[in-house]
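Working notes for the structure below.
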Amino acid sequence: MEASELIKVIDRGEDSRHQFKVKINDAKKLAAEIVAFSNSKGGLIVIGVNDRGELKGLSSSEIGMVNQLISNAATNNVKPAINVITENIEIENKKLILVSINEGLNKPYCDNDGVFWIKSGSDKRKVTLPEELQRLFQSSRKIYADEILIEQSSIHDLNKEKFEEYFQNTFNQDLSEIKIPLDGLLENLQLARHGKLNQAGLLLFGKKPEQYRPIFIIKAVSFFGNFIGGKDYRDSEDIEGDLEYQFRAGMNFLLRNLHKTQQGRDFNTLGILEVSQKALEELLQNAIIHRDYFKNASIRLLIFDNRIEIINPGCLPNGLTVENIKYGNSAIRNPIIASFAAKILPYRGLGSGIIRALSEQPNIEFINDVDGEQFTVIIPRQAVNQVGCGA
């Protein structure tokens with residue numbers, strides 16, 4: 001890094017990607033910092049600078065000692081070992097060490113005490129919740145939420161009629177003709193294991209998924225005005241059931257609460273929905289299929305006078321950005337659910353859903369809230385007093 005660039009970094013102060021240390025003399029404490037960066041998005045530790053951004057520098061003897069300590073911390077005090085890059089640099093006659101840490105490919109990392117650390121703003125914190133640890137495994141693709149077993153469930157929780165219909169439509173064969181027992185067939189299709197449904201099996205074909213996963217629903221509200229804190233609303237519904245039902249019911253909620261306009265056509269013709277129905281379908285099914293099922297939160301479908309919001313638990317996975325998804329890049333968070341959704345929903349699974357939504361409705365806004373761990377889609381509406389009565 002050039003000295004001028006580093007000065008700008010120091011002037012901006014500490015954040016979730018940059019940490020300043022005056023001295024380093026404890027490999028264990030340094031290991032915790034390295035773990036936190038590796039379990040998050042990576043970052044840079046600048047040694048020889050205090051937390052106020054003042055250059056303190058290191059002596060020549062300290063440079064060698066600290067470099068050795070960094071190597072020891074990253075190799076022997078971290079599980080699994082982490083490769084870090086160090087660089088000695090001089091600014092204003094002050095010697096500094098830069099420690100560059102990439103986002104880890106083998107998450108989750110922990111220190112020698114078995115503690116998992118992640119960044120929290122400019123500081124770090126311990127991972128204490130099982131769901132957080134599961135998400136770290138998920139980010140390195142070692143585990144997926146949709147394959148987690150529902151321990152209290154059994155094959156009797158399967159909606160057999162719905163599954164038989166799917167099987168007939170997909171394989172052109174009656175389930176009764178299959179020689180394999182039902183539990184074995186479900187296991188082959190990655191919907192169950194050891195006689196228990198996994199989350200994919202429950203959410204796709206369960207009789208009452210909300211019995212075991214009451215939070216995995218859509219909470220839909222149509223408000224008066226434009227403020228989420230408003231007490232008055234036009235319509236409200238908690239949409240339970242399997243994922244296909246949630247999609248259909250969610251679309252019904254949108255259609256009955258949005259307006260249709262003539263848009264220059266004859267008065268006797270059917271009105272046109274004020275926003276693109278195709279775009280809404282793409283966005284809603286994306287929320288259902290790609291939400292983070294490790295997060296105990298519901299999808300929120302909110303209608304205001306000036307906008308529609310679809311708020312999805314979980315930010316974009318695997319380092320994806322809003323610009324990435326606009327150009328068709330994708331990362332499958334729930335591969336089992338996604339593979340079945342292509343057969344039971346109007347879902348293609350090619351990363352093209354956002355592109356199609358934008359082609360139908362170019363003014364969509366996307367907000368990827370990494371710290372809040374949620375992804376929000378905002379679709380502007382025409383002013384209510386300009387579109388008249390609903391259909």
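Taken together, the criteria place E237 among residues that are outside any helix (DSSP H, G or I), in contact (Cβ under 8 Å) with a residue 12 or more places away in the chain and within 26 Å of the chain's Cα centre (by Cα). The lone criterion from (1) of a type in the set (S, T, N, Q); (2) out of contact with any Ser or Thr (no Cβ under 9 Å at 6 or more places or on another chain); (3) touching a residue at least 24 places away in the same chain (Cβ under 8 Å); (4) exposed (fewer than 14 other Cβ atoms within 10 Å of the Cβ) left unmet by Q68 is number (3). Taking first residues from the stretch 130-146 that are not assigned by TED's automatic domain parsing to the domain that holds Q190 and partners that are of a type in the set (K, R) and at pLDDT 75 or above, the Cβ contacts under 6 Å between residues at least 6 apart in sequence or on separate chains come to L136/K107; S139/K107; S140/K107. Total residues in the stretch 84-103 satisfying the condition of being part of a loop (DSSP other than H, G, I, E, B), at negative phi and surrounded by fewer than 16 Cβ atoms within 10 Å (Cβ to Cβ): the figure is 1. Out of the residues in the stretch 31-65 that are over 30 Å from T321 (Cα atoms) and buried (at least 16 other Cβ atoms within 10 Å of the Cβ), which is nearest to the chain's Cα centre (by Cα)? Only one residue tops the list, namely I47.
Scanning the stretch 226-260 for residues that are acidic (D, E) and surrounded by 14 or more Cβ atoms within 10 Å (Cβ to Cβ) gives E237, E240, D242, E244. Picking from residues in the stretch 292-316 that are acidic (D, E) and within 20 Å of D371 (Cβ to Cβ), the one that is nearest to the chain's Cα centre (by Cα) is D292.
I'd like to verify a number: residues in the stretch 1-29 that are farther than 15 Å from E90 by Cα and either touching a residue at least 24 places away in the same chain (Cβ under 8 Å) or not in a helix (DSSP H, G or I) (or both), how many? Adding up the residues that qualify gives 16.
Scanning the stretch 56-64 turns up no residue that is within 12 Å of V22 (Cα to Cα), part of a strand (DSSP E or B), assigned by TED's automatic domain parsing to the domain that holds I118 and among the aliphatic types (A, V, I, L, M). Look at A331 and say whether it is at pLDDT below 90, within 12 Å of the chain's Cα centre (by Cα) and either more than 30 Å from K231 (Cβ to Cβ) or surrounded by fewer than 17 Cβ atoms within 10 Å (Cβ to Cβ) (or both). Considered against the rule, which asks whether it is at pLDDT below 90, within 12 Å of the chain's Cα centre (by Cα) and either more than 30 Å from K231 (Cβ to Cβ) or surrounded by fewer than 17 Cβ atoms within 10 Å (Cβ to Cβ) (or both), A331 comes out as yes.
Can you find even one residue in the stretch 283-296 that is more than 20 Å from Q199 (Cβ to Cβ) and assigned by TED's automatic domain parsing to the domain that holds G201? Yes, that holds for at least one residue. F216 passes every criterion in (1) assigned to a loop (DSSP other than H, G, I, E, B); (2) modelled with pLDDT under 95; (3) surrounded by 18 or more Cβ atoms within 10 Å (Cβ to Cβ) apart from (2). Counting only residues that are at pLDDT 95 or above and either touching a strand residue (DSSP E or B) at 6+ places or on another chain (Cβ under 8 Å) or on the phi > 0 side of the Ramachandran plot (or both), the stretch 225-244 holds 7 of them.
The values are calculated or read from the model by the stated rules, or taken from the named source; none is laboratory data. Bear in mind the structure is a predicted one, so any value in this text is a computation, not a measurement. Reconstructed Cβ throughout: ideal geometry from the backbone, glycine too, with neighbour counts over all protein chains shown.
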